[in-house]
Amino acid sequence: MLPFCLLAGENQAQAVVPVSKKGDSAGKYIASQQEKPNIIFFIADDMERFQFNCLPEGKGKNLTPNIDRLAKEGTIMFGQHVSSAVCTPSRFSCLTGQYASRAQNEGFLKDTKRMDGETVVQWNSFMTPKSNSIAKLLKKQGYTTGFFGKDHVIEAEGWRKLPLDTDPTSPDAVKVLKRNAKLIADAMKKCGFDYAGANYYDNPSYLGPEKLRYHNLDWITEKSLNFMDKAEDQPFFLYYATTVPHGPTNAEQAWDADRRITSEGILDKAPNVQPAKETIGQRLIDAGLATPGNIPENKANVLWIDDALGALMQRLEDEGKLDNTIIFFFSDHGQYAKGSVYEGGVSSPSIVWKKGGFKCGNRNEALVSNIDFAPTIYDMAGGKVEKVKAFDGKSFLPILDGKKEKIHESLYFEMGFSRGVLMDNHKYIALRYPEYAMNWSMKERQQKLDDWNNFRIANKLKYHFDDASLPFSHLMLIPGGGDAEYPSTKRYKHYYDADQLYDLNKDPKEQDNLYENEAYSAKLKGLKKELKKYLNDLPGVFGEFKK
């Protein structure tokens, strides 16, 4: 992040296509290489900035030798952003190169119709077999493709959620869990992945049985290593998605959990592909980052992630394949303002690594988005990006190769009922709700809030608001807001303002709303024009910008 047989939930979709060993002249990156590069896209879940030693907020605070190696030898993209700052749409954009508002799954289209035609990007933008999947594109380039770990982006029709109090070892439950795993693998096959396994359909706390509310990176890593073995002489694309450090983060359900517990039930034997869990605390103590009896969960969980990455790199090293592998390391979005388009949510630096590094150097500030990952990966694999008309993003390989300084003049963001645009280090945010929701009576607002809170209570989860007169959040039509966006409602002074303008040069934490400041009227006009340009090219209406 040892050869094994395919385990439950792992699926070979079709025969691997043989690939020529000769360089593809269409791919600038591989012109000097005899083989196309293996590509690993390693995506963490809700990893915070202070958990990265390579970022100022986390420097020296973590034990992550493998991530540190990527950062030291590769390129850190400090201008990396996401177009939507919650799990599902972010992953949709990473894997398709498109904005999540282009999703075509039935649920998303129904939501759009219900919202008077406004596309509302939440956890509803799923990929379908018709999606512009990077896996499909890479298969045409001769790649073997695999998807392991957290799903939350490919919909598995017929997947069944078991009750909270289910005994996962009962014969009936085992049958459902195995069926669910197969449905997920089959859905991934239809989206272009040859192999899939160790998949969490959602976050552990939302999967059903309370006895399976545990993370298991060792299991994900074992399946990923199996996949790498099966790729043999073909170049491979591995999508490795952790479930941590997203909650639950406590030791018993995360880094110190029973490694036999999986989303598919209880294994007979725990995987043995990463350093033993008993060593995690001791290594932190030895590094001076913990003390006996006080192992910080945020440091332990990120070390566990680093161990997973290290296992993948070591296997490639042992097989002589690491020198011909490109690794992306990325957290799915910023965590400080999750569920919003504030910089604390959409700014999420990434790391890109290859042997010898990139010509642009170790640090790069160019604006790039997660919609750019798929075009960049396709470019690295020798594909002709300009021929994929479905891409909203652009390849930033020319930036890495030192041939361009930038690929975007501005970036666009969409999250729930908010839209934003970043240009010249100024940010404009517009918040618009469908008319029907604004006309709800107090009784209707109270019912919506009660339904949400009762759902949280039934699933033994926290809720935050009980005042139905509060404004809706950026993300949900719930008075006050839901859970993911709750911290943002407290951290941003102008959170509920309909229009917001920030000068990030002077106000990087977006606390001073300049919307009515005459000195910024020209800047505001330009940003609104830029936002309208994006919206005119995307599905759905949005307030006065696109009726």
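Structure values in brief
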read-out	value
Helices (runs of 4 or more DSSP H) contained in the range 325-440 and holding at least 2 residues touching a Cys at 6+ places or on another chain (Cβ under 9 Å) and crowded, with 20+ Cβ neighbours inside 10 Å	373-380, 397-400
Residue within the range 109-124 that is of a type in the set (Gly, Ala, Ser), assigned by TED's automatic domain parsing to the domain that holds residue 237 and closer than 18 Å to residue 157 by Cα present	no
Top-ranked residue of the range 32-49 - restricted to ones that are modelled with pLDDT of 95 or more and assigned to a loop (DSSP other than H, G, I, E, B), ranked as nearest to residue 141 (Cα to Cα)	36
Search result, residues across the range 139-169 that are among the small types (Gly, Ala, Ser) and surrounded by 13 or more Cβ atoms within 10 Å (Cβ to Cβ)	142, 146, 149, 156
The lone exception for residue 465 - which of (1) modelled with pLDDT of 95 or more; (2) farther than 27 Å from residue 538 by Cα; (3) out of contact with any strand residue (DSSP E or B) (no Cβ under 7 Å at 6 or more places or on another chain) it fails	(3)
Answer from 458, 468, 522 - the residue that is crowded, with 17+ Cβ neighbours inside 10 Å and outside the structural domain of residue 125 (by TED's automatic domain parsing)	468
Filter result (closer than 30 Å to residue 455 by Cβ and outside any loop (DSSP other than H, G, I, E, B)) within the range 476-499	479, 486, 487, 488, 489, 490, 491
Sole exception among (1) within 23 Å of the chain's Cα centre (by Cα); (2) part of a helix (DSSP H, G or I); (3) buried (at least 22 other Cβ atoms within 10 Å of the Cβ) for residue 280, by number	(1)
Yes/no for residue 544 being at pLDDT 95 or above and assigned by TED's automatic domain parsing to the domain that holds residue 438	no
Members of the range 65-114 found to be of a type in the set (Phe, Trp, Tyr), under 26 Å from residue 417 (Cβ atoms) and part of a loop (DSSP other than H, G, I, E, B), listed by number	99
Hits in the range 312-324 (condition: surrounded by fewer than 22 Cβ atoms within 10 Å (Cβ to Cβ) and not basic (Lys, Arg))	313, 314, 316, 317, 318, 319, 320, 322, 323, 324
Pair list, Cβ under 9 Å, 6 or more apart: the range 222-240 residue under 25 Å from residue 269 (Cβ atoms), other residue assigned to a loop (DSSP other than H, G, I, E, B) and among the small types (Gly, Ala, Ser)	223/9
Any pair with Cβ under 8 angstrom, 6 or more apart, that starts in the range 289-304 at a residue that is farther than 15 Å from residue 61 by Cβ and ends at one that is basic (Lys, Arg)	304/277
Verdict on residue 249 being surrounded by 16 or more Cβ atoms within 10 Å (Cβ to Cβ) and closer than 23 Å to residue 147 by Cβ	no
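Condition check ((1) in a loop (DSSP other than H, G, I, E, B); (2) more than 30 Å from residue 229 (Cα to Cα); (3) aliphatic (A, V, I, L, M)) across all residues:
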site	(1), (2), (3)
116	yes, yes, no
125	yes, yes, no
129	yes, no, no
147	no, no, no
159	yes, no, no
164	yes, yes, yes
168	yes, yes, no
173	no, yes, yes
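The values are calculated or read from the model by the stated rules, or taken from the named source; none is laboratory data. In this text, all values refer to a predicted model and were calculated from it rather than measured experimentally. Positions of Cβ are backbone-derived with ideal geometry, glycine not excepted, and every protein chain shown enters the neighbour counts.
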